[in-house]
Amino acid sequence: MQTVIVRYEGSLKAQIEFQFPGAQVVELFNQYAIVTIADEDLEAFSALPEVEYIERPKRLFFDVEDGRRASCITGVQGTVRESAGNVHGMSAGVLQSGGDGLTGRGVLVGIIDSGITYDHADFIRDDGTSRIAFLWDQSASGDSQMGRIPAGFSMGAEYTNEDLNEALALPEPERSRLVPVTDRFQGHGTAVAGVAAGNGRGSVGNRNRGVAIDSDLVVVKLAQRDDGFPRTTEVMEGLDYVLRKAIELQKPIAINLSFGNNYGPHDGQSLFENYITELNGVWKNMIVIASGNEGDARHHTEVQLEQGEFSRSVNPERVEFAIGNLESALTVQLWKSYVDRFQLEVQSPDGRRYRLPDEGEGQTYSLSTGSLRLYHGVPSPYTITQEIYMEWQRGSAGQVPTGVWSILIYPESIRYGKCNLWMSGAEVSGRQTGFLNPVTNTTLTIPATAARTVSVGAYQTSTDTIAAFSGRGFTADGRIAPTIVAPGVDILAPARGGGYTRHTGTSIAAPFVTGAAALLMEWGIVQGNDTELYGEKGKAYLMRGARSLVGISRFPDTAAGWGALCLERSIGSNYP
């Protein structure tokens, strides 16, 4: 069976499930769908007049590598009493009871991630009830003792607030048998949820609280594939789910996405990115996305070819990169303008050359310890760029051939000339693997490249400088991203199984902004100061309030966007 992303017109579900027995269709917002269909039926399905375009799902990686005060959040959360020292890495403030500040009340926080430790004290109210309104575990096998497949979807188990409260009233192991939801990926989802919305009840004096401490949560645990990572299809269904729950509850929602990948032209034009962009017009939402940890990973470079007409005898442009030890697989994508024409060869460390096939074709070559596949793509209906795809796979030796490889580009007719190259992200490649002449710009990961979202990089609060790993902009088509940056180094957050642990990465920077977006919408929509304060307007408020960092004085900046998150300045003189 194949699972694909589909853009369609008209009606799809009933027709497909009748015409192709065994197929499953999950219809999403704005004429998108996720279709699972037999391999032999895919060609006939793609030929249907209702089907505009099909995209295969891509693998996504969770981005792991003195927050509230630095982000000007403490001042709007309520009356704050200063404690002695910054002992927890987020803030030295302790929220006193009776504070009249912003807490996220009346606004939902959507967490689409690796799961959540739902019985962590930070997600439980003082009366012992859960702050999670809905929890969808996509990885569950289906209806269980309590959970059930949510309406309109075809997998997993959904748990309501009542289900979670019933489980919380029980001791272990009965609790876990009733709601068997865990956080499988190093507590990633638990930490993200805690920074965005943890109430700090697991710490003395609530000092380790997050941002939107009174918001209810809608949580999606992404399905786990054979390699341990989710795909773009699961994320799209997760987005559809949390938005439908927000509409059902009639509450605005701030949604956090702390993952990404390097596969694509980074111009926001894949079906996955376009779907996220178009959700800007669905209900009252703000979508916040981490920019990734590829800033210093040496996984991006650029080539600028001289314009003109050339013969084969011209010297090729050479792009060199190293493949380190113990790599089991590696991909390199070259994205070029379709108006340019050139020949391309890949040269191995021993000097052997492998030629790129014609447009629309692929070729697999045998190597001494593996294989090399070259594919020459064509533009899609959504982008004018053209992909040249290179993939190394290990052989019986157990690793990809190591050493310094070269990509040789022989120009023929060049009218634009700029090419971008990206390789597999840091989550799957070792530190020895990378381009010999890397370019740090345009290293933000997908889907931080989607338009009409808030993309977030990371900075270090102790130095007030951009973190070296933080994914940088701009997008390949020149749009400004990241939007802003937030604290992302050595942040203490709720841990899987209880307590707190430190995290570093743009994964942990993004939820500061997600929580801030929830407070912004509380002030505007819930409190009636600006009932249209969501989407691009909410993004504009965050941009307006962003402050400068050390060494950055001109904006927008490729690393910092419009500056560092400062919620007090975003609300400004309108805040009482």
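The values are calculated or read from the model by the stated rules, or taken from the named source; none is laboratory data. The shown structure was predicted, so the numbers you read here are calculated from the model rather than taken from an experiment. We place every Cβ from the backbone using ideal geometry, glycine too, and count neighbours over all the protein chains shown. What goes into the accessible areas is simple: the full protein's heavy atoms, side chains included, and nothing from ligands, DNA or RNA. Shrake-Rupley method; radii C 1.70, N 1.55, O 1.52, S 1.80 Å.
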Across segment 516-533, in residue order, what do the Karplus-derived ³J(HN,Hα) couplings come to in whole Hz, using 6.51 cos²θ - 1.76 cosθ + 1.60 with θ = phi - 60° and x for Gly and Pro? 4, 4, 5, 5, 4, 6, 4, 4, x, 8, 5, 8, x, 6, 6, 6, 10, 8
The summed charge of the Y118 Cβ neighbourhood (under 15 Å; Lys/Arg +1, Asp/Glu -1) stands at -4
Could you state the orientation-averaged shadow area of the convex hull built on the Cα atoms of segment 394-548, in nm² to one decimal? 15.1 nm²
At 1.4 Å probe size, with every protein chain present, just tell me what the per residue accessible area of segment 319-358 comes to in Å². 42 Å²
Shape of segment 436-486, Cα gyration tensor, a/c cut at 1.5: oblate
Quick one: grab Rg to one decimal and Dmax as a whole number for segment 294-336, Cα atoms only, in Å. 14.4, 42
Protection proxy ranking, peptides 477-486, 46-55, average beta carbon neighbours within 10 Å, highest first: 477-486, 46-55
If all Cα-Cα distances of segment 227-321 are sorted into 10 Å bins from 0 onward, what percent lands in each bin, rounded to whole numbers? 11, 33, 24, 16, 11, 4, 1
Global form of segment 330-464, assessed from the alpha-carbon gyration tensor, a/c cut-off 1.5: oblate
Protein chains only, probe 1.4 Å: how do F435, F474 rank by accessible area, largest first? F474, F435
In what sequence, largest accessible area first, do D530, D490, D183 appear using a 1.4 Å probe? D490, D530, D183
Counting residues in the chain as N, plug N into 2.2 N^0.38 Å and put the Cα Rg over that result. 0.98
Which percent, nearest 5, of DSSP beta bridges in the chain are antiparallel? 75 percent
Evaluate the relative contact order of segment 256-371 (contact order divided by residue number), counting alpha-carbon pairs under 8 angstrom at least 6 apart; express in whole percent. 18 percent
In Å², rounded to a whole number, the accessible area per residue of segment 383-477 with probe 1.4 Å is 34 Å²
Accessible surface of K13 - all protein chains present, 1.4 Å probe, nearest 10 Å²: 80 Å²
Restricting to Cα pairs under 8 Å and 6 or more apart, the percent relative contact order of segment 1-50 works out to 44 percent
Suppose we keep just the alpha-carbon trace of segment 106-198; what are its Rg and Dmax in angstrom? 12.5, 35
Are there cysteines in the chain with no second cysteine's Cβ under 4.7 Å away, and if so, which? C419
Two decimals is fine: what's Rg over Rh for segment 157-212, C-alpha atoms, Kirkwood radius as Rh? 1.02
Over the chain: helical MRE at 222 nm, DSSP H runs n ≥ 4 each giving -39500 (n - 2.57), nearest 500: -5000 deg cm²/dmol
Those aspartates and glutamates that a straight Cα-Cα span of less than 14 Å connects to K245, excepting residues fewer than 8 apart in one chain: E158, D216, E237
I need the trypsin sites (Lys or Arg not before Pro) found in segment 357-457, filtered to DSSP loop residues with at most 11 other beta carbons within 10 Å of theirs. R431
Which order do R352, R547, R56 take by accessible area at a 1.4 Å probe, largest first? R352, R56, R547
At what distance in angstrom do the alpha carbon centres of segment 417-453 and segment 101-155 lie from each other? 33 Å
With all protein chains present, the chain has a carbon and sulfur share of its accessible area (1.4 Å probe) in percent of 46 percent
At what distance in nm do the modelled label points of Q363 and Q2 sit from each other, each positioned 7 Å from its Cα along Cα→Cβ? 2.4 nm
Surrounding net charge for G403, when Lys and Arg each add one and Asp and Glu each subtract one, Cβ distance under 14 Å: -2
So how much accessible area does R225 have, in Å² to the nearest 10, using a 1.4 Å probe? 90 Å²
With all pairs of different alpha carbon atoms counted, what Kirkwood hydrodynamic radius in Å does segment 362-430 show? 14.5 Å
